[in-house]
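Q: Could you have a look at this structure, given as structure tokens, before my questions?
Please treat every number below as a calculation from the coordinates, not as lab data. Quick caveat, the model's predicted, so the values are computed rather than measured. Glycine gets a Cβ as well: all are built from the backbone with ideal geometry, and neighbour counts include every protein chain shown.
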């Protein structure tokens, strides 16, 4: 079993650029984390985008969707910025016969106190156990994209009720 990981940027991949005194999306961090964690499953990382999710367009979401549709992998993790992760997850709903788990981080992976490591580990476990469909793995919980929201005040995802 091989897990395909598509990276799109977001906070999980942000790095501090001292000359600019700001954070910018850098190279994908997930491969480093998985290698350092000594995982024994096969995985392939493909970087699709290096953008903050607020900068993602409908064309970017279609690029992500097409990459997933065209890939042979049936278990897919997508690292994504948290601000528009739900929108992208909803765009992927019609992808058949694949288990797709989106995850990200509220704090950059390079921080000592980051949620990235937990979220990556949780997404990798979830993609191996869940039936085909689209899910969001954040804060140690799984979310249906149709019933999820980002709670900016509490720095976490939460479930919303119908209606």
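Q: Among [x] 0.94; [y] 1.28; [z] 1.11, which one is Rg/Rh (Cα atoms, Kirkwood Rh) computed from these coordinates?
A: Answer by label: [x].
Q: Place a point 7 Å from Cα of residue 2 in the direction of its Cβ. Which residues in region 38-58 have their backbone N less than 16 Å from it?
A: 40-47
Q: Could you state the number of Å between the C-alpha centres of region 143-163 and region 68-117?
A: 15
Q: For a label point 7 angstrom out from the Cα of residue 27 toward its Cβ, which stretches of region 106-125 have the backbone nitrogen within less than 16 Å?
A: 109-110
Q: Still on this structure: Among 48, 130, which comes first, second and so on when ranked by fewest other beta-carbon atoms within 10 Å?
A: Ascending Cβ contact count within 10 Å gives the list 130, 48.
Q: Per the helix-only calculation at 222 nm, which mean residue ellipticity applies to the chain, given -39500 (n - 2.57) for every DSSP H run of n ≥ 4 and division by its residues, nearest 500 deg cm²/dmol?
A: -7500 deg cm²/dmol
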